[in-house]
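The structure's right below; bear with me while I get my questions together.
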Amino acid sequence: MVSKVLKKMEVLRGFIQIPAENLCEFIENSRLPCVTMLNGNPARIDKYGRLWSSYLKNRFPVGTEVELSRIENGYKVVLNEGEQECLTSDTRQQEIGFNSSNSEKTVTETCSNAYFQAGTICILNDGILETEAIENNSIDLIVTSPPYNVDIKYETYDDRIPYDKYLEFSEKWLKKCYSLTKDDGRLCLNIPLDKNKGGQQSVCADLTTIAKKVGWKYHATIIWNEQNISRRTAWGSWLSASAPFVIAPVEVIVVLYKKRWKKTSGSRKSDILRDEFLEWTNAVWNFSGESKNRVGHPSPFPVELPKRCIKLFSFVGDVVLDPFLGSGTTLIACLETARKGIGVEIDSNYCKLAVKRLKECGILQQKLII
Ligand SMILES: C[S@@+](CC[C@H](N)C(=O)[O-])C[C@H]1O[C@@H](n2cnc3c(N)ncnc32)[C@H](O)[C@@H]1O
């Protein structure tokens, strides 16, 4: 076993440099480079003795001491228990940028009446239209997937209302979120392109128009090719031109901003890697959706979605809001990327689920107290 303090490049790029003096003991008779496993995830050791795995990317904060050991089917890395108190040190918080913007106060105050708060993550059990806990002009980035009005059986919210009422609700929350956002803040809105359940509607076009009406400015639309879904519910007229139905098996992420696209506030530290930037700025994203059963919520998105939005459109230490938190996915992405996160969710059972998922992701070990 070897103890190791993680450097910034190790955290950002997702590797651990095995100290030269321990290398022989660690690789035994293997020839480098070689493939292996790390905590059950695919990994490889390159010829310089660096243990790489996407599992490691942004998993532990910079400056954390971890213990790396050899196990039967590869390697295991764990947080060094004795080091946990160090995670609250000013040094480490500065390193990841948590002290570098003036927005900590906002999150702390917001969280004084929160359902849950740990470090820089907080959950408000409230409706987004009703909540008064978030200060105006305080949010750097909103990443969210609102209800789609497609008759999903949520615990509290009625997801089957007349389309004009749905658009009225959309206008209200888009307006509220506009007030909460900083002048150089952004909104990543995950919605369907269109829908045919309960009548064909151009959801993306309608919500984009409403967002612009309440003040948001349009930047781009990302197509999310969910790969594993079929949105087909009927053929219309089978093998006949009389009235066939067509539907694209994709969703979109509409990217909007408040006043200025150029972001000047915040730490100005980006953590996106070259390959990620190249791939993600091509606005057709291919990755699978999330399983309802696995998460325990009727419509979760995968962590990959908010994680990409956060790394592309915000700086390290920024404040990210999800006004429709659901099972807490956006906050998991905040935890993984060292952003402050606020989630608003109307249903207390979903808040409970979000807390459970955050704990499984190690939120209580992070101790990012501000
Ligand atoms: C599409 S789901 C969000 C799923 C989330 N992205 C996830 O990964 O779990 C929408 C959520 O908004 C919640 N909701 C509905 N109306 C709300 C409101 N007025 N304020 C806050 N949350 C609301 C619902 O309970 C539901 O959990």
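We did not get these values from a lab; they are worked out from the coordinates using the rules stated. Keep in mind it's a predicted model, so treat the numbers as computed, not measured. Virtual Cβ from ideal backbone geometry, glycine too; neighbours counted across all protein chains shown.
For the chain, with only Lys/Arg (+1) and Asp/Glu (-1) charged at the beta-carbon, what is the dipole magnitude about the Cα centre, in debye rounded to 20?
Numbers: 49 positive and 45 negative charges, 187 e Å.
I would put it at about 900 debye.
Please quote Rg/Rh for region 215-311 to two decimal places, taking the Kirkwood radius as Rh and restricting both calculations to Cα atoms.
1.08
So, in region 196-307, how many Lys pairs have Cα atoms under 17 Å apart, if the pair is 8 or more places apart or on different chains?
Taking the Cα cut-off of 17 Å, the pair count is 9.
Express as a percent, rounded to the nearest 5, the fraction of DSSP beta bridges in the chain (both residues included) that run antiparallel.
65
Can you run the Rg to Rh ratio on region 2-86? Use alpha carbon positions and the Kirkwood inverse-distance Rh.
Values: Rg = 12.0 Å, Rh = 12.8 Å.
With Rh from the inverse mean 1/r over Cα pairs, Rg/Rh is 0.94.
Let me ask you something else. Please report, for the Cα atoms of region 116-195, the Rg to one decimal and the Dmax as a whole number; what are they, in angstrom?
Rg, Dmax (Cα atoms, Å): 14.0, 41.
Using DSSP to call loops (not H, G, I, E or B), can you name the trypsin sites (Lys or Arg not before Pro) in region 179-249 whose Cβ has at most 14 other Cβ atoms within 10 angstrom?
Taking region 179-249 and a limit of 14 other Cβ atoms within 10 Å, the loop trypsin sites (Lys or Arg not before Pro) found are R232.
Provide the per-residue ³J(HN,Hα) series for region 123-135, in order, calculated from phi with Karplus coefficients 6.51, -1.76, 1.60 and θ = phi - 60°, each as a whole number of Hz, with x at glycine and proline positions.
10, 10, 8, 7, x, 5, 6, 8, 4, 10, 7, 9, 5
Given labels modelled 7 Å from the Cα in the Cβ direction, how far is it in nm from K269 to T281?
Rounded to a tenth, the inter-label distance reads 2.3 nm.
Next question, about the same structure. Going by C-beta contacts inside 10 Å, put F324, F277 in order with the fewest on the left.
Listing F324, F277 from fewest to most nearby Cβ atoms yields F277, F324.
Taking a temperature of 25 °C and a viscosity of 0.890 mPa s, what whole-number D in µm²/s does Stokes-Einstein yield for the chain with Rh from Kirkwood over alpha carbon pairs?
Details: Rh = 22.0 Å.
Diffusion coefficient, whole number: 112 µm²/s.
Tabulate in residue order the Karplus-calculated ³J(HN,Hα) for region 212-221, using 6.51 cos²θ - 1.76 cosθ + 1.60 with θ = phi - 60°, rounded to whole Hz; enter x for Gly and Pro.
Each residue of region 212-221 in turn: 5, 4, 8, x, 4, 9, 8, 10, 6, 10 Hz.
What nm distance separates the two modelled labels at K356 and D184, each placed 7 Å from Cα along Cα→Cβ?
4.1
Residue by residue through region 320-328, which ³J(HN,Hα) values in whole Hz follow from phi under the Karplus form 6.51 cos²θ - 1.76 cosθ + 1.60 (θ = phi - 60°), with glycine and proline marked x?
10, 10, 10, x, 10, 5, x, 7, x
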